[in-house]
Amino acid sequence: MRDFSTGHEWLSINTATVRKSAGADLPLTQIIEACVARGIRAISPWRDQVQAAGLANVARLVRAHGLQLSGYCRGGMFPAADAAGLRAARDDNRRAVDEALELGAPCLVLVVGGLPGALQGCAAHKDIAGARNQVRDGIAELLDYAKPAGMPLAIEPLHPMYAADRACVNTMEQALDLCEALDRGTRSPRAALGVAVDVYHVWWDPKLQAQIARAGQRRLLAFHVCDWLTPTADLLNDRGMMGDGVIDIPRIRGWVEAQGYAGFSEVEIFSTGNWWQRDAGEVLDACIARHRTAV
């Protein structure tokens, strides 16, 4: 394993982690400047933040500061209740690929979606198998668009608590089954379709080590870290800073790095009651310190 104790060159900040500062929205341009001021070399921006700041402007700032991206958040949300919804999802995902290319991202992260309408509080049906079929078809279609452009797609399996509304792909095993079914192409060093391993979502999985080994270096496209608090006050927006919860993050990082992963550890924390109430500079400083001691 790499030694993170003396520096933070392999730390990336998912910009959702500091989307708010002292409870107020923080523009992406200010997030970038705060990261650069602390010697943070990489970010993973969210599409809504990029849209608010302007794609061309963000791309210019990234290049001007010599920043790298660890990923781009996010594509996906493939299932829909009708043909018009499926077309809208297809078109939006193609735009996400184009944006990721403009920003120089190494992959587009996919949160695949669940039952149509469930995220808005009114599911159109209860057919989760049908939703998974739409996910498979949607990824296959997007892969046909992204692969020639050279933009890898990273399926992020989400914790089963999100199966209804955010992602009906909930384990590394499910994600890798899709990868192997849809991406049978040449054995390039980096797969066109792989996985984003987010410890918050997969730490509990008894098959995790074996599935990380199954993914291998080619399909391990991103690695996200935070912690699972006990008790958790909100299943979406109460993620913990690394070291504050029950996840053995160094053990999981060891499994990932044993396969040859040598990319960034991307801190992604949603925290309405704690970290989003603090000053963004304090949060970034905590990320740097915990990356050295708890990742």
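No value in this document is a laboratory result; all are computed from the given coordinates. Just so it is clear, the structure is predicted and the values come from calculations on it, not from any experiment. Cβ sites come from the backbone with ideal geometry, for glycine too, and all protein chains shown count toward neighbours.
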Open item on the list: If I model a spin label at ALA181 and ALA22 as a point 7 Å from the Cα along the Cα→Cβ vector, what separation in nanometres do I get?
Closed with: 5.1
Open item on the list: Please report the spacing between the Cα centers of the stretch 216-276 and the stretch 116-192 in Å, no decimals.
Closed with: 21
- [ ] Compute the acute angle (0 to 90°) between the alpha-carbon long axis of helix 128-149 and the principal axis of greatest extent of the alpha-carbon atoms of the chain; round to the nearest 10°.
- [x] 70
Task: Degrees separating the helix 83-103 axis from the principal Cα axis of the chain, which is the longest one - done: 40
TODO: In whole Hz, with x marking every Gly and Pro, tabulate ³J(HN,Hα) for the stretch 201-211 from phi via Karplus 6.51 cos²θ - 1.76 cosθ + 1.60, θ = phi - 60°.
DONE: 8, 10, 4, 7, 6, x, 9, 4, 4, 5, 6
Open item on the list: How would the stretch 155-206 be classified by its alpha-carbon gyration tensor: rounded, prolate or oblate, with rounded meaning a/c under 1.5 and the a/b versus b/c comparison settling the rest?
Closed with: prolate
Task: Label-to-label distance, nm, for residues given as HIS125 and MET161 (7 Å Cα→Cβ offset) - done: 2.9
Open item on the list: What FRET efficiency comes out for ARG251 versus GLU33 if R0 is 25 angstrom and r is the Cβ-Cβ distance? Round to the nearest 0.05.
Closed with: 0.10
Open item on the list: Connecting C-alpha atoms closer than 10 Å in a GNM of the chain, tell me which of GLN120, GLN217, GLN277 has the biggest fluctuation.
Closed with: GLN120
Task: Charge dipole magnitude, Cβ of K and R +1, D and E -1 - the chain, Cα centre, debye nearest 20 - done: 600
Task: Length released on extending from ARG278 to LEU101, taking residue separation times 0.36 nm less the Cα-Cα span - done: 60.5 nm
- [ ] Report the full-extension gain for the segment ASP137 to ALA64: residue separation times 0.36 nm, less the Cα-Cα distance, to one decimal in nm.
- [x] 22.4 nm
- [ ] Identify which of the listed values of Cα extents along the principal axes in Å was calculated from the structure shown: (i) 46, 43, 37; (ii) 70, 37, 28; (iii) 47, 40, 40.
- [x] (iii)
- [ ] With a Förster radius of 30 Å, plug the Cβ-Cβ distance of GLN209 and ARG2 into 1/(1 + (r/R0)^6) and report the FRET value to the nearest 0.05.
- [x] 0.95
Task: In the stretch 193-245, chymotrypsin sites (Phe, Trp or Tyr not before Pro) in a DSSP loop with at most 10 other beta-carbon atoms within 10 Å - done: none
